[in-house]
1. Being touching a residue at least 60 places away in the same chain (Cβ under 8 Å), in a helix (DSSP H, G or I), among the small types (G, A, S) and buried (at least 19 other Cβ atoms within 10 Å of the Cβ) narrows it down to one residue among A220, A214; which is it?
2. Looking at region 134-172, which of its residues are within 22 Å of the chain's Cα centre (by Cα) and on the phi > 0 side of the Ramachandran plot?
3. If you go through region 246-267 one residue at a time, how many are surrounded by fewer than 14 Cβ atoms within 10 Å (Cβ to Cβ) and modelled with pLDDT under 90?
4. So which residues in region 214-233 are under 18 Å from R109 (Cβ atoms) and in contact with a helix residue (DSSP H, G or I) (Cβ under 8 Å, 6 or more places away or on another chain), if there are any at all?
5. Working carefully through the options I123, I183, I208, find the one that is in contact (Cβ under 8 Å) with a residue 60 or more places away in the chain, in contact with a helix residue (DSSP H, G or I) (Cβ under 7 Å, 6 or more places away or on another chain) and within 30 Å of Q252 (Cα to Cα).
6. Among what's in region 94-103 and is surrounded by fewer than 21 Cβ atoms within 10 Å (Cβ to Cβ) and in contact with a helix residue (DSSP H, G or I) (Cβ under 7 Å, 6 or more places away or on another chain), pick the residue that is farthest from I246 (Cα to Cα).
7. Could you tell me whether D79 is touching a residue at least 40 places away in the same chain (Cβ under 8 Å) and in the same structural domain as N174 (by TED's automatic domain parsing)?
8. For region 171-188, enumerate the residues that are crowded, with 18+ Cβ neighbours inside 10 Å, of a type in the set (S, T, N, Q) and modelled with pLDDT under 95.
Amino acid sequence: MSLIINHNLMAMTAARNLSSAYGNLSTSVNRLSSGLRITTAADDAAGLAIRELMRADIASLNQGVRNANDAISMIQTADGALQVIDEKLIRMKELAEQAATGTYTSDQRLIIDSEYQQMASEITRIANATDFNGIYLLNGNLSASGGVSTWATGHSGTGLQSTGPLKVHFGTANDSAEDYYYIAIGNSTASSLGVGNSAAATSDGYSISTQANAQKALDALNNAITSKDNIRANLGALQNRLENTITNLTVQAENLQAAESRISDVDVATEMTNFVRNQILTQSAVAMLSQANTLPQMALQLMQG
């Protein structure tokens, strides 16, 4: 290689190697300080796209878990109110049993019926007042006429306020088989249960003011208790289903997070090895660049000699 002074080719080579090593060192520092293998799209464009989709799904699944937990809280609110209604119906049956016997006068039965009607009014008040986050649960707003398979047809979310059975959404998309299902809660007012003077006058549970009416009310109250129990049993089944859904969503989010980590997170041990290698190469390139910059002085010594 000729000794020249216009171009220091060895210095240029050393500078190029220094730039490359320093760039790799900067990448290693970035990865080790952030904990991510992919910090920009330039690192891995396809990996970045996959990672962001996974992150979106993970965030959606975690919110789906919160949605399902909120639905469980709502069901527990409804079930607690129905438990109080249960106590009122039991008291009403006790009063009907009392009025059905012949040892009471008509005036005394009217007094018994007065408490009976107050219990019915309290059932209606509880049903109309029980709400979760402003959503009334027992007044029939969330009721459905058919079984579970028909609840979707009774729901409408097109307006600012949804109507019909409540739709619990927990999945990452909008597939009816995978991402949501419905919660229907029957009407639990006294009139819907067929007891008290808010029910139809022809209803067996309308009054216990006479012995005959009290005897008919016993059967009506049995039917009311059964209707209420059906609502509670359905809510219990839905709560168990939601708890299983939460378990599945949690496992799904965990596995998806693990997959996202394998794509996105840096292997610290491997990257630390690269960091040390690039650090040594950078230091070597700096030393060689310094040496290369002194080589043109050899030509000056020849001219002076």
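1. A214
2. G134, G164
3. Final tally of qualifying residues: 1.
4. Result: A214, Q215, A217, L218, L221.
5. I183
6. Of everything passing the filter in region 94-103, G102 is farthest from I246 (Cα to Cα).
7. Working: touching a residue at least 40 places away in the same chain (Cβ under 8 Å): yes; in the same structural domain as N174 (by TED's automatic domain parsing): yes.
For D79, the condition - touching a residue at least 40 places away in the same chain (Cβ under 8 Å) and in the same structural domain as N174 (by TED's automatic domain parsing) - is met.
8. Passing the criteria: only T172.
The values are calculated or read from the model by the stated rules, or taken from the named source; none is laboratory data. Please read these numbers as outputs of a predicted model, since none were measured by experiment. Here the Cβ is made from the backbone with ideal geometry for all residues, glycine too, and neighbour counts use every protein chain on show.
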